[in-house]
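This report refers to the structure that appears directly beneath it.
The values are calculated or read from the model by the stated rules, or taken from the named source; none is laboratory data. Note that the coordinates shown come from a computational prediction; the quantities given were computed from them, not determined experimentally. Virtual Cβ from ideal backbone geometry, glycine too; neighbours counted across all protein chains shown. In case anyone asks, the SASA skips ligands and DNA or RNA and just uses the protein heavy atoms, side chains included. Shrake-Rupley method; radii C 1.70, N 1.55, O 1.52, S 1.80 Å.
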Amino acid sequence: MRVKDETGAMLGIMKARQAKNMADEKRLDLVMITPNAQPPVCQIMDYGKYRFDATKKAKDAQKNQKRAELKEIRLSMTIDSGDLNTKAKQANKFLSDGDKVKVSIRMRGRQMARPQLGIDIMNSFYETVKDIATMDRKPAVDGRSIVMNLIPINSK
């Protein structure tokens, strides 16, 4: 097998027992890096420290990732245009931060008889934010609710 030392320098081709003895003298481990190569490549290293560094690197990479959150904005069937614009500004803020936005309307009582009014409100809400968002899920009646999902344009 081909053997590397702890610094990565090539020691040459030797028998497995000889490489293991060298690793034992240095109080390190003999780790097979590429078993499919001809001859297989092994490295003398501290395997515990290697695993610790690898998990630390993976945690740091995961920490630096930005996850898109799902923010929710609730509208009502009787919302006025001023309130609709205020909610649209809030949605613009969420979308510019890269978050997804779930827009919902909760229908109560007699509003259940006219869900098309709620869908029209959703469509007018989308018209105010369509320059920064795309509709991931069209407005649909789901029980007592009308739900629509928006995603930022650049995330598609």
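General remarks:
- Evaluation of I121 against (1) among the β-branched types (V, I, T); (2) assigned to a helix (DSSP H, G or I); (3) under 20 Å from A68 (Cα atoms) (one fails), failing number: (3)
- None of M135, M148 is outside any loop (DSSP other than H, G, I, E, B), free of Cβ contacts under 8 Å to residues at least 24 places away in the same chain and surrounded by 14 or more Cβ atoms within 10 Å (Cβ to Cβ) except M135.
- Of all residue pairs spaced 6 or more apart or on separate chains, none has beta-carbon atoms under 9 Å together with a first member in region 4-31 that is touching a residue at least 60 places away in the same chain (Cβ under 8 Å) and within 10 Å of Q43 (Cβ to Cβ) and a second member that is open to solvent by less than 50 Å² (accessible area, probe 1.4 Å) and basic (K, R).
- Flag for V141 being in contact with a helix residue (DSSP H, G or I) (Cβ under 9 Å, 6 or more places away or on another chain), in a strand (DSSP E or B) and at pLDDT 95 or above: no
- Hits in region 40-54 (condition: surrounded by 12 or more Cβ atoms within 10 Å (Cβ to Cβ), out of contact with any helix residue (DSSP H, G or I) (no Cβ under 7 Å at 6 or more places or on another chain) and not charged (D, E, K, R)): P40, V41, Q43, M45, Y47, Y50
- When region 55-70 is limited to residues that are touching a residue at least 12 places away in the same chain (Cβ under 8 Å) and not hydrophobic (A, V, I, L, M, F, W, C), the one that is surrounded by the most Cβ atoms within 10 Å (Cβ to Cβ) turns out to be E69.
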